[in-house]
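Chemist: Supplied in structure tokens, the structure appears directly below.
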Ligand code: DX5
Ligand code: ZN
């Protein structure tokens with residue numbers, strides 16, 4: 001299991017320091033929630049913030065685009081230093097083209113599904129994606145309650161990907177994730193867990209990471225997505 005802490009719940013007045021502390025605590029991914037006030041009822045930040053953070057950290061940038069027609073901004077997010085761009089199935093009429101463009105730019109391409117969206121399009125996109133994101137809350141805000149139907153969706157997504165020859169494609173789960181549901185999520189097929197409010201709710205990030213890791217111990221597939229970090233181990237830079 002890989003933990004991808006959501007910057008949305010970090011202290012926005014000292015983001016650079018937050019990334020340094022995450023790296024020191026042993027994290028290798030960072031989830032960046034981009035909201036446009038149209039696809040979701042909230043506005044966060046855009047490429048300039050990512051670019052500044054890229055200058056101070058080597059964390060793997062898992063960029064979650066909650067924006068309408070994301071293809072308009074792919075170049076800007078690449079130039080800012082994103083490693084992976086995740087687009088929503090509901091936000092783009094030409095998903096296959098957008099996913100292909102992301103990969104052609106040399107980035108990882110992910111597809112996200114809102115809680116009410118069927119995952120059947122994976123039948124036609126499995127060859128074009130590097131990651132699937134199952135939203136376990138309706139996107140827009142951190143701190144919302146986990147939607148239980150997400151468990152069955154994760155299992156179905158895993159089974160569908162495996163049946164399509166995409167056994168290496170990891171599943172990320174985003175929304176309401178905490179140490180208490182981590183074991184069940186990993187058992188259902190989650191490889192990467194996003195956590196905002198639960199992770200940042202504790203001051204000592206190494207202890208927060210340990211709580212999630214302990215809950216996932218001995219479960220799941222430790223391999224999927226694990227090679228996408230910039231450096232093999234924590235503390236080698238800072
Ligand atoms: C929700 C975002 C999530 C959110 C997670 O719109 O996509 O990444 O920040 O926050 P928690 O873990 O608090 O649900
Ligand atoms: Zn997110």
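The numbers here are math on the coordinates, done by the rules we state, and not lab data. Owing to the predicted nature of the structure, the values given are computational and were not obtained by experimental measurement. No Cβ is skipped: glycine too gets one built from the backbone with ideal geometry, and neighbour counts run over all protein chains shown.
Chemist: Just the Cα atoms of the stretch 94-225, one point each, no solvent: what log10 I(q)/I(0) does Debye give at q = 0.19, 0.22 Å⁻¹?
Modeler: -1.10, -1.34
Chemist: I'd like to compare 186-199, 168-181: which one has the highest average count of other Cβ atoms within 10 Å, and what's the full order after that?
Modeler: Working: 186-199: 24.0, 168-181: 21.9.
Answer by packing, highest mean first, reads 186-199, 168-181.
Chemist: Taking every pair of alpha-carbon atoms in the stretch 2-236, what share in percent sits in each 5 Å bin, from 0 to the bin with the longest distance?
Modeler: 1, 7, 16, 20, 22, 18, 11, 4, 0, 0
Chemist: Measuring from label point to label point, each 7 Å out along Cα→Cβ, what is the residue 16 to residue 42 span in nm?
Modeler: Each label point is offset 7 Å from its Cα along the Cβ direction, giving 2.6 nm.
Chemist: Fewest first, what order do 102, 43, 2 take by the number of other Cβ atoms within 10 Å? Before the final figure, lay out each step's value.
Modeler: Details: 102 27, 43 11, 2 23.
Listing 102, 43, 2 from fewest to most nearby Cβ atoms yields 43, 2, 102.
Chemist: Something else: When the chain is fully extended, how far beyond the present Cα-Cα distance does residue 207 get from residue 127, taking 0.36 nm per residue of separation? Can you show the working numbers first?
Modeler: On the way: separation 80, 0.36 × 80 = 28.80 nm, distance 3.75 nm.
Roughly 25.0 nm would be gained on extension.
Chemist: At residue 94 and residue 118, where each label point lies 7 Å from the Cα along Cα→Cβ, what is the point-to-point distance in nanometres?
Modeler: Output for this residue pair reads 2.5 nm.
Chemist: Report Rg (one decimal) and Dmax (nearest whole number) for the stretch 31-124, counting Cα atoms only, units Å.
Modeler: 12.9, 39
Chemist: Could you give the nm distance between label points at residue 24 and residue 152, where each point is 7 Å from its Cα heading toward the beta carbon?
Modeler: The two pseudo-label positions are separated by 4.6 nm.
Chemist: Run the numbers on the stretch 135-199 and let me know its relative contact order in percent, using alpha-carbon pairs under 8 Å that are six or more apart.
Modeler: Details: 86 pairs, mean separation 25.8, N = 65.
Computed over the stretch 135-199, the figure is 40 percent.
Chemist: What order do you get for 112-124, 28-40 when each peptide is scored by the mean count of other beta carbon atoms within 10 Å, highest first? If you can, show how the numbers build up before the last one.
Modeler: Details: 112-124: 15.0, 28-40: 20.9.
Averaged packing, sorted descending, gives the order 28-40, 112-124.
Chemist: In whole percent, what relative contact order does the stretch 85-238 give with Cα contacts below 8 Å and a gap of six or more residues? Can you show the working numbers first?
Modeler: Numbers: 225 pairs, mean separation 26.9, N = 154.
Across the stretch 85-238, relative contact order equals 17 percent.
Chemist: Would you order 64, 88 from fewest to most other beta-carbon atoms within 10 Å of each residue's own beta-carbon? Mind showing how you got there, number by number?
Modeler: Working: 64 28, 88 24.
In order of increasing Cβ crowding within 10 Å: 88, 64.
Chemist: Based on the Cβ-Cβ distance from residue 105 to residue 72, what FRET efficiency comes out when R0 is 22 Å, to the nearest 0.05? Working shown, then result.
Modeler: Details: r = 14 Å, r/R0 = 0.64.
Given R0 = 22 Å and the Cβ-Cβ separation, E is 0.95.
Chemist: Rg to Rh for the stretch 1-74: what is it, with Cα atoms only and Rh by Kirkwood?
Modeler: Working: Rg = 12.5 Å, Rh = 12.9 Å.
Taking Rg over the Kirkwood Rh, I get 0.97.
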